[in-house]
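Trainee: Following this message is one structure expressed as structure tokens.
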Amino acid sequence: MKRFGCRGGLNISIPDTGTYARVAIYHALAHDAYCNIEVSCDVKAFIAEKRHLTPSAIFLELLKRDPTTELEQWQIAHHWASICQDQWRRSDDQVESARKIIAEHPDAIPIELDGELGVTALAFLVKECAESLNTGVVELAMDSTWKTNKLGFETYGLVGEVNGQAAPLGFLITSLGALAESGAKTRLLRSVMRALRVHCPNVRFTLSDKDASEINACHEELPDSKHQLCYWHAIRYLEQRLAEDTPPAAYDGRVPHGEFAFVDPTWGPSVDNGHVVEAFTADDADPAPAPGPFKPVIEEQETDMKHDWLDYQKPDALRNMEKEQRTL
């Protein structure tokens with residue numbers, strides 16, 4: 001931070017009563033004048049003239065006109081948003097404004113959601129993608145973003161895979177308050193998937209991250225579809241867990257065995273903090289197949305091995321190899 005030798009001082013006096021404070025600040029020498037970074041009137045007019053462009057494109061045009069400007073791109077974007085907000089702002093309430101835009105837009109299909117205590121939500125389908133792709137959507141992915149705006153809303157996106165390309169099918173925007181009941185998010189996602197299933201009935205595969213609400217919604221609305229975690233999220237989760245310097249959780253093999261019969265109920269972690277109580281015996285598990293008879297190397301393979309040795313070893317390689325075989 002740049003400092004200036006102004007020989008100034010700051011004095012704060014608080015009397016014994018403590019009802020007020022006296023603050024005195026003084027400078028012996030004046031500071032350097034601050035650089036004025038306010039957006040000037042001519043720049044505001046320039047932004048208004050170029051409002052059809054994106055803020056980044058306007059900023060590049062401004063740099064061409066004035067390469068020495070002290071303005072930054074975020075200032076251009078802020079003023080551009082204030083000028084263009086009439087195009088998307090229908091109300092001072094963000095949620096009500098979004099609902100009106102969705103209702104007005106011809107390419108959006110509003111979704112009626114059941115009311116949830118302590119939950120604010122709105123959802124819609126992208127009409128062009130949902131209706132045109134229709135039965136061609138076989139793979140459906142779901143993901144979310146946190147703190148989409150200043151109010152902290154979450155945005156869930158439903159994306160279909162068609163011919164190796166991703167197509168946006170629908171969105172859910174929601175915010176859960178302190179009074180929200182358990183499972184509210186799952187019920188909202190189910191409503192969106194139920195509406196999407198009308199247009200895309202052939203979904204056979206679903207993908208998501210490890211969000212339990214997303215996984216449960218996919219299982220409940222598309223029970224015949226195969227669900228799997230996103231590969232990137234699965235690898236990231238494993239790396240995070242393996243990096244933790246904490247003991248593993250207690251493992252009870254009976255729990256997974258009750259759901260999947262092929263899991264050995266007698267298996268236990270190789271490292272455990274305590275004694276592993278075996279509630280099952282070996283007879284309870286499926287017996288392992290008996291080992292088969294020993295099969296020596298067949299004659300053709302042995303001949304190939306001899307040739308390989310003869311190609312790369314000394315002339316007496318065959319005699320040495322046969323000697324080693326007799327020793328073994």
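The values are calculated or read from the model by the stated rules, or taken from the named source; none is laboratory data. Only a predicted model underlies this, so the values are computations on that prediction, with no experimental measurement involved. As a convention, Cβ positions derive from the backbone with ideal geometry for all residues, glycine included, and neighbour counts pool all protein chains shown.
Trainee: Determine whether His79 is farther than 19 Å from Phe153 by Cα and surrounded by 14 or more Cβ atoms within 10 Å (Cβ to Cβ). Spell out the reasoning first.
Mentor: Values: farther than 19 Å from Phe153 by Cα: yes; surrounded by 14 or more Cβ atoms within 10 Å (Cβ to Cβ): yes.
Here the answer is yes, as His79 does meet what is asked.
Trainee: How about region 230-264: which of its residues are touching a helix residue (DSSP H, G or I) at 6+ places or on another chain (Cβ under 8 Å) and of a type in the set (A, V, I, L, M)?
Mentor: Taking region 230-264 as the starting set, the residues that turn out to be touching a helix residue (DSSP H, G or I) at 6+ places or on another chain (Cβ under 8 Å) are 263-264.
Correct list: Val263 only.
Trainee: Determine whether region 175-185 contains at least one residue that is touching a Lys or Arg at 6+ places or on another chain (Cβ under 7 Å), crowded, with 16+ Cβ neighbours inside 10 Å and not small (Gly, Ala, Ser). Can you show your working first?
Mentor: Initially, region 175-185 is screened for residues touching a Lys or Arg at 6+ places or on another chain (Cβ under 7 Å), giving 176.
When the remaining residues are screened for being crowded, with 16+ Cβ neighbours inside 10 Å, the result is 176.
Next, only the ones that are not small (Gly, Ala, Ser) stay: 176.
Yes, that holds for at least one residue.
Trainee: Something else now. Please find, among Trp80, Trp74, the residue that is touching a Pro at 6+ places or on another chain (Cβ under 6 Å) and farther than 30 Å from Ala180 by Cβ. Before the answer, list the steps.
Mentor: Details: Trp74 fails: touching a Pro at 6+ places or on another chain (Cβ under 6 Å).
None of the other options fit; the residue is Trp80.
Trainee: Let me ask you something else. Is there a residue in region 76-92 that is acidic (Asp, Glu), out of contact with any Leu (no Cβ under 8 Å at 6 or more places or on another chain) and assigned to a helix (DSSP H, G or I)?
Mentor: Looking only at region 76-92, we keep the residues that are acidic (Asp, Glu), and these are 86, 92.
Next cut, out of contact with any Leu (no Cβ under 8 Å at 6 or more places or on another chain) only: 86, 92.
After this cut, where a residue has to be assigned to a helix (DSSP H, G or I) as well, the list is 86.
Within region 76-92 (the criterion being acidic (Asp, Glu), out of contact with any Leu (no Cβ under 8 Å at 6 or more places or on another chain) and assigned to a helix (DSSP H, G or I)), the answer is yes, since at least one residue qualifies.
Trainee: Counting just the residues of region 141-165 that are of a type outside the set (Ser, Thr, Tyr) and within 17 Å of Ile215 (Cα to Cα), which one comes out farthest from the chain's Cα centre (by Cα)?
Mentor: Going residue by residue through region 141-165, those that are of a type outside the set (Ser, Thr, Tyr) are 141-143, 146-147, 149-154, 157-165.
Among the residues that remain, those that are also within 17 Å of Ile215 (Cα to Cα) are: 141-143, 154, 157-160.
Working: Ala141: 11, Met142: 9, Asp143: 6, Glu154: 12, Gly157: 11, Leu158: 13, Val159: 13, Gly160: 16 Å.
Out of the qualifying residues, it is Gly160.
Listed here are the residues, each with its yes/no results for (1) of a type outside the set (D, E, K, R); (2) over 30 Å from Arg204 (Cβ atoms); (3) surrounded by 14 or more Cβ atoms within 10 Å (Cβ to Cβ).
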{"position": "Asp66", "(1), (2), (3)": "no, yes, no"}
{"position": "Gln73", "(1), (2), (3)": "yes, yes, yes"}
{"position": "Asp93", "(1), (2), (3)": "no, yes, no"}
{"position": "Ile102", "(1), (2), (3)": "yes, no, yes"}
{"position": "Ser132", "(1), (2), (3)": "yes, no, no"}
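Trainee: Among the numbered criteria (1) surrounded by fewer than 18 Cβ atoms within 10 Å (Cβ to Cβ); (2) under 22 Å from Leu133 (Cβ atoms); (3) modelled with pLDDT of 90 or more, which single criterion is violated by Cys230?
Mentor: (3)
Trainee: If I filter region 255-292 down to residues being within 34 Å of the chain's Cα centre (by Cα), charged (D, E, K, R) and exposed (fewer than 13 other Cβ atoms within 10 Å of the Cβ), which single residue comes out as modelled with the lowest pLDDT?
Mentor: Once the filter is applied, the top-ranked residue is Asp272.
Trainee: Got at least one residue in region 119-126 being in the same structural domain as His199 (by TED's automatic domain parsing) and assigned to a loop (DSSP other than H, G, I, E, B)? Write out each step before concluding.
Mentor: Step one: of region 119-126, the residues in the same structural domain as His199 (by TED's automatic domain parsing) are 119-126.
Subset that is assigned to a loop (DSSP other than H, G, I, E, B): none.
No.
Trainee: Sticking with this one: Look through Val203, Val138 and report the one residue that is touching a residue at least 24 places away in the same chain (Cβ under 8 Å), surrounded by 19 or more Cβ atoms within 10 Å (Cβ to Cβ), closer than 30 Å to Leu238 by Cβ and more than 19 Å from the chain's Cα centre (by Cα). Talk me through it step by step, then tell me what you get.
Mentor: Working: Val138 fails: surrounded by 19 or more Cβ atoms within 10 Å (Cβ to Cβ).
The unique qualifying residue is Val203.
Trainee: Is it true that some residue in region 36-51 is hydroxyl-bearing (Ser, Thr, Tyr) and touching a helix residue (DSSP H, G or I) at 6+ places or on another chain (Cβ under 9 Å)? I'd like the intermediate steps shown before the answer.
Mentor: Within region 36-51, the first condition is being hydroxyl-bearing (Ser, Thr, Tyr), and the residues that meet it are 40.
From what's left, touching a helix residue (DSSP H, G or I) at 6+ places or on another chain (Cβ under 9 Å): none.
No, every residue in region 36-51 fails to be hydroxyl-bearing (Ser, Thr, Tyr) and touching a helix residue (DSSP H, G or I) at 6+ places or on another chain (Cβ under 9 Å).
Trainee: Among the residues of region 1-30 satisfying the criterion of being part of a loop (DSSP other than H, G, I, E, B) and surrounded by 10 or more Cβ atoms within 10 Å (Cβ to Cβ), which is modelled with the lowest pLDDT? It would help to see each step written out before you state the result.
Mentor: If we filter region 1-30 for residues that are part of a loop (DSSP other than H, G, I, E, B), which is where we start, we get 1-8, 14-21, 27-30.
Subset that is surrounded by 10 or more Cβ atoms within 10 Å (Cβ to Cβ): 4, 6, 8, 14, 27.
Values: Phe4: 69, Cys6: 76, Gly8: 81, Ile14: 88, His27: 78.
If we take residues in region 1-30 being part of a loop (DSSP other than H, G, I, E, B) and surrounded by 10 or more Cβ atoms within 10 Å (Cβ to Cβ), then Phe4 is modelled with the lowest pLDDT.
Trainee: Condition test on Leu113, is it buried (at least 18 other Cβ atoms within 10 Å of the Cβ) and either in a strand (DSSP E or B) or out of contact with any Asp or Glu (no Cβ under 6 Å at 6 or more places or on another chain) (or both)?
Mentor: Values: buried (at least 18 other Cβ atoms within 10 Å of the Cβ): no; either in a strand (DSSP E or B) or out of contact with any Asp or Glu (no Cβ under 6 Å at 6 or more places or on another chain) (or both): yes.
Criteria not met by Leu113.
Trainee: Same structure, new question: Of the residues Glu70, Glu38, Glu96, Glu61, only one is among the acidic types (Asp, Glu), farther than 20 Å from Lys150 by Cα, part of a helix (DSSP H, G or I) and out of contact with any strand residue (DSSP E or B) (no Cβ under 6 Å at 6 or more places or on another chain); which? Quick ask: steps written out before the conclusion?
Mentor: Working: Glu70 fails: part of a helix (DSSP H, G or I); Glu38 fails: part of a helix (DSSP H, G or I); Glu96 fails: farther than 20 Å from Lys150 by Cα.
Selected residue: Glu61, the only one of Glu70, Glu38, Glu96, Glu61 that is among the acidic types (Asp, Glu), farther than 20 Å from Lys150 by Cα, part of a helix (DSSP H, G or I) and out of contact with any strand residue (DSSP E or B) (no Cβ under 6 Å at 6 or more places or on another chain).
Trainee: Let me ask you something else. Restricting attention to region 188-242, report how many residues are over 19 Å from Trp146 (Cβ atoms) and among the aromatic types (Phe, Trp, Tyr).
Mentor: Within region 188-242, residues that are over 19 Å from Trp146 (Cβ atoms) and among the aromatic types (Phe, Trp, Tyr) number 2.
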